[in-house]
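The values are calculated or read from the model by the stated rules, or taken from the named source; none is laboratory data. What you are looking at is a predicted structure, and each value in this text was computed from that prediction instead of being measured. Cβ atoms come from the backbone with ideal geometry, glycine included; neighbour counts cover every protein chain shown. These accessible areas exclude ligands, DNA and RNA; they are computed on the full protein's heavy atoms, side chains included. Shrake-Rupley method; radii C 1.70, N 1.55, O 1.52, S 1.80 Å.
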Number of protein chains: 2
Amino acid sequence: MNGEPLPHRVRVRISPRPARSYDVAIGVGGPASVAEWLYNNYDGWRLAIVAEDRTSEIASLILGSAKERGLAGAVFRFGGGEERKTRTQKKEIENEMLASGYGRDTVVIAAGGGVTCDLAGFLAATYYRGVPWVAYPTTLLAMVDAAIGGKVAVNTPHGKNLIGAYHHPEWVRCDPSHLSTLPEREIRSGLAEVAKAALLESEVRVARLRELAPSILSGERAALEEIIEAAIRTKVEVVTQDDREEDYRQVLNLGHTIGHAIESASGFELRHGEAMSIGIALETRLAVAAGFAPTALIRQVEALLEDLGVPISLPEGLDPQSVHKRLQHDKKVREGRVRFSLLESPGKPHLGPEGWAVPVEDSLVRGVLGLNRQPVE
Amino acid sequence: MNGEPLPHRVRVRISPRPARSYDVAIGVGGPASVAEWLYNNYDGWRLAIVAEDRTSEIASLILGSAKERGLAGAVFRFGGGEERKTRTQKKEIENEMLASGYGRDTVVIAAGGGVTCDLAGFLAATYYRGVPWVAYPTTLLAMVDAAIGGKVAVNTPHGKNLIGAYHHPEWVRCDPSHLSTLPEREIRSGLAEVAKAALLESEVRVARLRELAPSILSGERAALEEIIEAAIRTKVEVVTQDDREEDYRQVLNLGHTIGHAIESASGFELRHGEAMSIGIALETRLAVAAGFAPTALIRQVEALLEDLGVPISLPEGLDPQSVHKRLQHDKKVREGRVRFSLLESPGKPHLGPEGWAVPVEDSLVRGVLGLNRQPVE
């Protein structure tokens with residue numbers, strides 16, 4: 001610059017990372033099966049099993065089973081809940097582990113719901129600059145969502161999942177028998193994600209899911225296993241094509257853009273899955289309004305969601321204006337227009353000229369929120 | 001297990017990461033040059049320039065120069081010092097950035113010494129699950145060490161650098177004119193790392209470094225540029241061959257195993273570089289004692305370190321017993337034997353049957369610490 005001598009230059013080449021793979025296993029016998037897998041793959045390592053209070057019994061089963069095989073480790077408990085998925089909670093568990101001498105030969109096992117998988121996975125991502133982890137999701141939502149895809153994070157006062165990493169687990173083990181101990185509302189909370197996966201997959205999956213709906217809602221294990229596996233396969237197919245969310249992975253945001261705004265506007269009164277379910281229904285209306293999908297898609301999507309017993313419209317008392325305001329702060333806003341991942345038909349996400357997240361005119365967004373009769377601020 | 005049905009399995013394939021590269025540029029005109037680089041590569045992004053109090057003027061120069069080019073951003077200051085390289089400090093800067101609306105279109109610039117590069121690099125690694133960063137090291141030690149290699153981390157009460165990530169910067173810019181404003185002890189602190197690089201490189205580099213020593217110590221810019229570039233080249237060669245520390249990168253630990261124990265035993269009274277210099281000298285004695293190197297290497301290494309004005313033996317009042325005790329807690333202990341990266345001769349690190357970090361009998365370690373005349377605990 002300005003006639004000064006050119007700087008010397010040293011080029012640093014970062015070697016490519018080879019492809020790798022891991023398995024998601026679905027079936028009963030989870031705790032013993034995790035212990036066996038750890039014995040086969042991490043003998044001599046120390047197990048740090050991170051669990052919420054309400055899943056600490058499951059964690060103890062895993063630990064007991066691992067100890068029978070001669071492995072050493074401990075359970076690290078925390079209160080659970082979105083409000084504890086924080087940097088401070090992560091630090092407290094890290095300090096407990098460090099005080100107990102857990103080093104780089106640690107393997108972290110996340111035994112709990114989405115909060116535990118996100119928190120423990122992120123903890124594993126930065127502990128000694130990264131140690132391996134195994135996801136043992138115990139809720140339907142965590143099985144089909146949080147445990148898959150390698151996205152781990154904690155919340156901040158300024159938003160959810162803003163501090164985190166991409167850190168894939170070495171193994172994921174889903175045991176549907178844990179779901180029978182969950183309250184029904186908790187199962188329902190996972191069903192929006194299951195519905196989303198079916199909508200991204202095909203007409204056939206949507207039909208099959210409607211067919212299974214009664215068995216699912218009565219907690220039949222075979223039905224649960226089938227839908228868990230199907231939803232995971234769909235997410236895995238998407239993630240495998242794009243594991244850094246650069247483009248195609250955005251189709252997984254179906255329903256989530258409006259859904260997150262609803263969840264936040266409800267002050268987290270609505271469960272994640274309920275908010276996403278409403279989000280899927282409203283974004284389907286948006287796809288139709290924008291001309292990407294036929295009107296019939298609305299009825300098809302709503303019928304699926306209704307069969308699964310999840311909501312399709314904003315609850316009384318939730319101000320659509322406040323949902324709209326939160327949408328304006330979405331991470332995906334570009335030049336004032338919120339971008340959405342929309343569906344043309346089951347199995348066919350919409351690809352616009354700007355990619356899989358399509359900017360939509362605000363008037364259409366206001367329309368599906370029922371705001372067009374109100375004066376614009 | 002136990003006759004139960006085999007679980008269903010879904011395989012997740014993680015796509016390979018392609019090779020990439022970045023440049024380290026060395027020369028005067030740093031602040032304007034960074035602004036220019038950001039303008040060329042991150043126009044439209046928001047700059048978060050993280051700086052210690054004592055480097056905040058440099059940070060302001062960068063910001064001013066960037067603003068002249070139409071870029072937007074701010075300086076995020078913190079106190080600096082190893083004691084502030086913490087999870088809490090990281091969180092505070094993150095919160096400031098989040099409160100100011102910095103999103104995934106943020107590029108972090110670390111403008112300061114090793115503490116700033118480590119902290120800001122780690123912050124960049126987890127902010128919105130990873131944003132790009134540029135290293136602008138302002139101390140000799142940071143230029144030749146912290147800024148190169150992608151290892152970023154913070155300290156914990158249980159040890160240094162225990163929570164962190166591998167996150168390479170997009171660019172590194174070293175301006176030796178900042179070094180003239182540093183106290184001489186600070187320059188010396190970087191010289192152990194420069195000596196280590198020369199020892200790993202070749203006899204020729206060692207001879208050249210001794211030749212340049214007087215010019216370096218009087219702060220001549222051309223001499224500084226030459227040794228900075230040479231040390232960086234050596235580190236880059238090593239890191240390029242192994243960017244996840246799986247094996248060969250361990251040669252960079254030369255002097256650091258004993259050095260870290262000394263640094264910790266001194267209660268951080270000794271500067272990092274001083275402790276490493278003594279570590280290099282003592283580990284050379286260890287290489288000779290273990291039969292890997294000829295006795296003449298001791299004299300050769302000590303002459304180099306002395307020319308550079310850095311210490312070669314434990315200071316009065318530092319208890320070798322406490323150094324020895326800390327060695328037993330080294331991350332690299334396996335089956336009671338501490339593992340060291342040792343030199344056979346300049347340019348020739350020792351490769352043992354177990355790799356580049358070689359387990360050494362404790363009696364030899366006690367020997368070089370002058371402990372063999374004392375009764376074993």
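Compute the convex hull volume of the Cα atoms of region B:207-257, divide it by the residue count, and report the result per residue in Å³ as a whole number.
Looking at region B:207-257, the number lands at 94 Å³ per residue.
Given the options B:Ala72, B:Trp45, B:Pro18, identify the residue whose Cα lies farthest towards the positive end of the charge dipole of region B:1-119 (+1 on Cβ of Lys, Arg; -1 on Cβ of Asp, Glu).
Most positive-ward Cα: B:Pro18.
Run through the other copies and list how far each one's label point is from that of B:Ser21, in nm with one decimal, shortest first; the point sits 7 Å from Cα along Cα-Cβ.
Nearest first, the other copies' label points are 3.2 nm away.
What percent of all Cα-Cα pairs in region B:260-333 falls in each 10 Å bin, counting up from 0?
In whole percents, the pair-distance histogram is 20, 48, 31, 2.
Counting only other chains, and only Cβ atoms inside 10 Å, what mean value do you get across the residues of A:118-130?
4
Just which residue of chain A brings its Cβ nearest the axis of rotation onto chain B, and by how many angstrom, rounded whole?
Reported as residue, whole Å: A:Arg17, 2.
Along Cα-to-Cβ, 7 Å out, sits the label point; list in nm, shortest first, how far the one on A:Glu269 is from those in the other copies.
With the label placed 7 Å along Cα→Cβ, A:Glu269 yields 6.3 nm.
Sum -39500 (n - 2.57) across every DSSP H segment of at least 4 residues in chain B, then divide by the residue count to get the 222 nm mean residue ellipticity, nearest 500.
For chain B, the value works out to -13500 deg cm²/dmol.
Could you give P(r) for region B:85-217, binned at 10 Å from zero, as whole percent values over all Cα-Cα pairs?
Using 10 Å bins, I get a P(r) of 13, 37, 31, 15, 4, 0 for region B:85-217.
Report, to two decimal places, the Cα Rg of region A:186-344 normalised by 2.2 N^0.38 Å (N = number of residues).
1.01
Accessible area lost on pairing B with A, both sides, 1.4 Å probe, Å² to nearest 100?
Answer for the B-A pair: about 6400 Å² buried.
Using the alpha-carbon atoms, what tilt in degrees (0 to 90, nearest 10) does helix A:114-126 show relative to the longest principal axis of chain A?
60 degrees
Packing-wise, with mean Cβ within 10 Å as the measure, how do A:151-158, A:105-112 rank, highest first?
The most tightly packed comes first, giving A:105-112, A:151-158.
In debye, nearest 20, what is the charge dipole magnitude of the protein assembly as shown about its Cα centre with +1 on Lys and Arg Cβ and -1 on Asp and Glu Cβ, if you could check?
Magnitude of the dipole: close to 280 debye.
Can you give the angle from 0 to 90° between the axis of helix B:30-41 and the longest principal axis of chain B, with both taken from C-alpha atoms, to the nearest 10?
60 degrees
What is the Rg over Rh value, at two decimals, for region B:166-222, using alpha-carbon atoms and the Kirkwood definition of Rh?
Checking Rg against Rh, the ratio lands at 1.02.
Using only alpha carbons, build the gyration tensor for the protein assembly as shown and give me the equivalent ellipsoid semi-axes, biggest first, whole Å.
51, 32, 20
Using the heavy atoms of the protein chains and a 1.4 angstrom probe, tell me the accessible area per residue for the protein assembly as shown in square angstrom.
Averaged over the residues of the protein assembly as shown, the accessible area is 39 Å².
Identify, among B:Met143, A:His272, A:Gly370, the residue whose Cα sits farthest towards the positive end of the charge dipole of the protein assembly as shown, taking +1 on the Cβ of Lys and Arg and -1 on the Cβ of Asp and Glu, with the dipole about the Cα centre.
Selected residue: B:Met143.
What average number of partner chain Cβ atoms lie no more than 10 Å from the Cβ of the residues making up A:16-29?
Average per residue, whole number: 5.
Charges at C-beta only: +1 for Lys and Arg, -1 for Asp and Glu. How large is the resulting dipole of region B:190-271 about its Cα centre, in Debye rounded to 20?
For region B:190-271, the charge dipole is close to 220 debye.
Could you give me the ³J(HN,Hα) list for region B:251-260, computed from phi with Karplus coefficients 6.51, -1.76, 1.60 and θ = phi - 60°, whole Hz, x at Gly and Pro?
Running phi through 6.51 cos²θ - 1.76 cosθ + 1.60 with θ = phi - 60° gives 4, 5, 6, 3, x, 7, 5, 5, x, 5 Hz.
To one decimal in nm, how far is B:Asp319 from the same spot in the other copies, if labels go 7 Å from Cα toward Cβ? Please give the shortest first.
The projected label point of B:Asp319 is separated from its counterparts by 6.6 nm.
Based on the Kirkwood radius over alpha-carbon pairs, what value in µm²/s does the Stokes-Einstein equation return for the translational diffusion coefficient of region A:1-160 at 10 °C and 1.306 mPa s?
Stokes-Einstein gives a translational diffusion coefficient of 94 µm²/s.
For the ranges A:341-354, A:115-128, B:207-220, B:54-67, what's the packing order if you count other beta-carbon atoms within 10 Å of each residue, average per peptide, and put the highest first?
A:115-128, B:54-67, A:341-354, B:207-220
Please compute P(r) over all alpha-carbon pairs of chain B, binned at 10 Å starting from zero, and give each bin as a whole-number percent.
5, 23, 31, 23, 12, 5, 1, 0
Please state, rounded to one decimal and in Å, the Kirkwood hydrodynamic radius that region A:47-132 gives when every pair of distinct Cα atoms enters the mean of 1/r.
This gives a value of 12.7 Å.
Mind listing the phi-derived Karplus ³J(HN,Hα) values for region B:79-88, rounded to whole Hz, using 6.51, -1.76 and 1.60 with θ = phi - 60°, and x for any glycine or proline?
x, x, x, 3, 6, 9, 7, 10, 4, 5
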